[in-house]
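The values are calculated or read from the model by the stated rules, or taken from the named source; none is laboratory data. None of the values given here were measured: they were computed from a predicted structure. As a convention, Cβ positions derive from the backbone with ideal geometry for all residues, glycine included, and neighbour counts pool all protein chains shown. Note: accessible area is taken over every heavy atom of the protein model, side chains too, but ligands, DNA and RNA are not part of it. Shrake-Rupley method; radii C 1.70, N 1.55, O 1.52, S 1.80 Å.
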Amino acid sequence: MADKRSDVVVIGSGAAGAAVTWKLSELGAKVVCLEQGDWIRPDDYPSSRPDYEIQLRRGAFSFSPNIRRHPEDYPVVTAGLKPEEIAMFNAVGGSTIHWEGHFPRFHPSDFRVKSLDGVADDWPIRYEDLEPYYDLNDRQMGVSGLSGDPANPPRSPRPTPPLPLGNLGETIGRGFDKMSWHWWVSDLAMISRDYDGRRACDLRGRCNFGCPVGAKASTDKTYWPKALRRGAVLKTRARVREITVDEQGGARGVLYYDHHGNLREQLARVVVVSCNGIGTPRLLLNSKSNRFPNGLANSSGQVGKNFMIHPARGVEGVFEERLDSYYGPTTNTAFSQQFYETDSKRGFLRGYSLLVYRTFGPVSHAWGTSEPVPWGAQHHRVMRRRFPHTAQIAILGEDLPEEQNRVELDTEARDSNQIPAPHVTYHYSENTLKMLAHGAARARELLEAAGAIEILDNGVVSPFAHLMGTARMGSDPKTSVVNSWNQAHDVKNLFIVDGSSFTTCAGVNPTSTIGALALRAADGIWERRRGWA
Amino acid sequence: MTTASMGVVGVDSLIVNGSIGVKKRIFPTFDSNVLQLLRAAMDEIIPSNDGMPAASQVGGMEYLERIAGQDLQLRHEFDEGLATLDRVSRAQFEKGFVQLSPEQRVRALSELETTAAPGFFGVLRDYVYEAYYLQPQVQKLIGYEFYPFRKPVPLIKPFDETVLGKVRKMPKLYREVW
């Protein structure tokens, strides 16, 4: 059963899919977006419930599809990572429903990794190419922050002023100053004042569990209302099985299962894939045909390769004074890029950000991020010492693209529509482990300088919820999947617009760069409209 | 929901709402021996001291019965794990865990934690912590308040730009590229 042909079909409604749909709709294109999840009602967010913390371990709002197992989720088989370490959300807004809203930008040097440091690859675009789209994305999402940071190029005034640092942020800030290290208040995709029809953050915290206020920029509340007003069509509970091709080798449309389980075809002149760094290669690899036997857009063999996930460590400091860290925005209030740019004397290449984190409530404190509060006679004494007196420094390191870190199709696991599940293989590199060990030592120094009376560090390395690199951008079709406009080298009316297209992943959270790339790709698609079939 | 009312409900016979609209099935809960073991164990994990109540004094048992009643796999894990604790007690002290002195119970739980069943011990400890710290009376005692979305939160001092005075004087840290 075929649906009416659209100009563009976008697969996925998250950070990238929403931005590309809005921009193309503004420009005048007829856009249909297919989303396998549904709208989430703010009243259903667990952040409204006192037991919200249990979603960290189990429940319908868990960060991991391997724990949630909703019909709209797909299992992710893992090797080298624990199944629960894969985080994503399938709903209108995608993982922006769950995210922390941290909104840093790449540095100019992040686009020239090979030239500067002799590893990985250069991007085919520069920071300056993306800068106007960073600005546009900031305005559309709504950002709080402050320009003037000496670790980053000058940027336009932030749409709203910084959110409060609170006792925790100011305490750690004094530690940074004592060490004479760089730090700055974070750009957050959370508005500190009413903005663009949305209400300001009321500093309640629990941001990862959904923001009923609407201050956190999930794309169901930012891009989607505007895109729908411009005529975009959003089909929910629509799971795409494969991208179909025509006799000329162009993308013809997509086959998808509607909410009744019926197989339908959405025809389009242009296909945009925005399914995240795991879902996108999964779909491309599942789109095999006589013309593309190894999957679509995969003549380079790079689809699914070079998976990056941002390795991390966390070090906690316990302070005498109350930090009251469980209210106020959960995400990092401030950050340091003192160790961001490469310094070969450190024994590793590339660098990392130090992120200052608030915490959740008493349950997760007792469970412990680094170690649980001890049980037995000493339990109450230690709990009283740690809660709410603990701050966490997270080390977010850049991992380098490596072919053996990859996404493939699993031979057995399938989703509820019997589409093969992705199989992720990932191992931390020696460079990564050295980088994180360096960062953990610096975090300890920082916390001690800030006055911590106890340091908690279990040495465990775990990933952030960032899925990148599996359909990489590059100039050479033999070694990359998309060109500088996110256009597939092999299929001219196919665009891959999400974290998959990252050539390298930098040492910062990726979402502002995903959004900027999406807005730029939309302009590229529109400029090529005369070539649409 | 009480133990008794759950006990008479047949397997798979009742559906209740779980978190954010997900339906969860109610299973019959623990038998009386397991309940005694669980109560004794949770009150050693979180005892009454330092001005704080023990876990069972604030509804910890009822909470865990409800959770285990919604998750058959978890209930079996508790059944087996607590049976292991009882075996450890009998091997160490020739008495069941419930009959042990507080000091002996701590030693038996330590054996469970380090040797006999460390995986289960972690599960038990974390569920007891959850059962305890979700209780409003405990939250009040530790100075925590959950702020619902219609209740004002305490004021946080607005951002003060002067805190960045030192870092503003730094030279630029990013690399120029061509």
Task: Solvent-accessible area buried by A and B, counting both chains, probe 1.4 angstrom, square angstrom - done: 5700 Å²
Task: Rg/Rg_ref, chain A, where Rg_ref = 2.2 N^0.38 Å and atoms are Cα - done: 0.93
Task: Charge-dipole axis of chain A as Lys and Arg at +1 and Asp and Glu at -1 on Cβ define it, positive-most pick from A:75, A:463, A:103 - done: A:75
Open item on the list: So if the hydrodynamic radius of the stretch A:102-196 is defined as the Kirkwood radius over C-alpha pairs, what does Stokes-Einstein give as its diffusion coefficient at 37 °C and 0.692 mPa s, in µm² per second?
Closed with: 218 µm²/s
Task: Percent of beta bridges antiparallel (DSSP, chain A, rounded to nearest 5) - done: 70 percent
Open item on the list: Explain nothing, just compute: Karplus ³J(HN,Hα) = 6.51 cos²θ - 1.76 cosθ + 1.60, θ = phi - 60°, for every residue of the stretch B:34-43 in order, whole Hz, x for Gly and Pro.
Closed with: 5, 4, 5, 4, 5, 4, 5, 5, 5, 7
Task: Distance violations [Cα-Cα > 32 Å] among A:226/A:492; A:216/B:172; A:216/B:140; A:82/A:492 - done: A:82/A:492
TODO: For n ≥ 4 DSSP H runs only, could you compute -39500 (n - 2.57) per run for chain A, divide by its residues and tell me the 222 nm figure to the nearest 500?
DONE: -7000 deg cm²/dmol
Task: About the Cα centre, charge dipole magnitude for the stretch A:56-197 (Lys/Arg +1, Asp/Glu -1 at Cβ), debye - done: 460 debye
Open item on the list: Taking all protein chains in place and a 1.4 Å probe, what share, in percent, of the accessible surface of the stretch A:264-317 do carbon and sulfur account for?
Closed with: 40 percent
Open item on the list: Over chain B, what is the relative contact order in percent, taking alpha-carbon pairs closer than 8 angstrom and at least six residues apart?
Closed with: 19 percent
Task: Cα-centre dipole for the protein assembly as shown with unit charges at Cβ (Lys and Arg positive, Asp and Glu negative), debye to 20 - done: 1580 debye
- [ ] Return one number: the angle in degrees, 0 to 90 and rounded to the nearest 10, between the long axis of the Cα atoms of helix A:166-179 and the longest principal axis of the Cα atoms of chain A.
- [x] 80 degrees
Open item on the list: Set the bar at 24 Å for Cα to Cα. Now go through A:345/B:166; A:221/A:288; A:23/A:235 and name every pair that lies beyond it.
Closed with: A:345/B:166; A:221/A:288
- [ ] Using only Cα atoms, find the angle between the long axis of helix A:511-527 and the longest principal axis of chain A, and express it within 0 to 90 degrees, rounded to the nearest 10.
- [x] 20 degrees
- [ ] Set Lys and Arg Cβ to +1 and Asp and Glu Cβ to -1, take the dipole of chain A about its Cα centre, and tell me which of A:217, A:366, A:87 lies farthest positive.
- [x] A:217
- [ ] Any chance you could give the angle, 0 to 90 degrees and rounded to 10, that helix A:430-450 forms with the longest Cα principal axis of chain A?
- [x] 40 degrees
Open item on the list: How charged is the neighbourhood of residue B:117? Take every other residue with its Cβ under 11 Å from the Cβ of residue B:117, and add Lys/Arg as +1 and Asp/Glu as -1.
Closed with: -3
- [ ] Return P(r) of the stretch A:49-114 (all Cα-Cα pairs; 10 Å bins starting at 0; whole %; ordered from short to long distances).
- [x] 18, 39, 26, 14, 2
